[in-house]
Every structure is written in structure tokens, then in C-alpha cells.
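Notes to accompany the following structure.
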Amino acid sequence: MGPFLVLVSFIGFFMALLSLSFRYKHLLSVLLSLEAVTMSVFILLFSFFNTPISGEAALIFITLGACEASLGLSVLVSMIRTRGNDYVSSFSSQKC
């Protein structure tokens, strides 16, 4: 099952990067693509390291992924409240 998981994680990683490069109109789609990248890296790390310490490392990595997702969602809500939309093109550092 090891080589199959490595292949699936590589395909998932590149598909998430492809989705990130082509569908970057809304902030939510960018955040979902980044979450897919995080999950593919998690699967890759879990399939490579099959040691007793991998359980703790997996728990730490999942916790960091959940924190990243909640931080991204809070940024999304904040941007929608201040700007009224979630279009990536409206995010400019020149506008205050």
C-alpha cells in the first residue's frame, strides 16, 4: 500500500497546485487548494514514515492543518466584512 499512497499524494499535490494556478478568482477557492496541498503532504509524510513516532507527528501535522484552515476562514470572513466580496483581484495593499 506504500507506493500507491505515494502516487496518490503526488497526483493530489500536483492537482491542487494546478487548481491553485487556474482557479484563483475567489479567496475561498485559493484556501481550498492550499488545504488540498496540506492534505497531500500529510498523506505523503504518513506513507513514507512508518515508525512508532509517526503517530505523534501525524497528530501535530493534523493540528497545524486545522489551525491553518481556521486562520484562513477567519481571514476570509474579515475580508468579506471589510470589502464586501472575496475576489482576489480586489486585495491590494494600496487600498486602505
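Table: residues versus (1) surrounded by 14 or more Cβ atoms within 10 Å (Cβ to Cβ); (2) at pLDDT 85 or above.
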residue	(1), (2)
F4	no, no
S9	yes, yes
L17	yes, yes
R23	no, no
V30	yes, no
V37	yes, yes
F46	yes, no
Filtered residues of the stretch 48-81 (kept if among the polar types (S, T, N, Q) and at pLDDT 80 or above) | T63, S70, S74, S78
Take the stretch 23-48 and flag every residue that is within 13 Å of the chain's Cα centre (by Cα), small (G, A, S) and farther than 20 Å from S74 by Cα.
-> S40
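The values are calculated or read from the model by the stated rules, or taken from the named source; none is laboratory data. Since we're looking at a predicted model, the values are computed, not measured. A quick note on method: Cβ atoms are made from the backbone with ideal geometry, for glycine too, and the neighbour counts reach across all protein chains shown.
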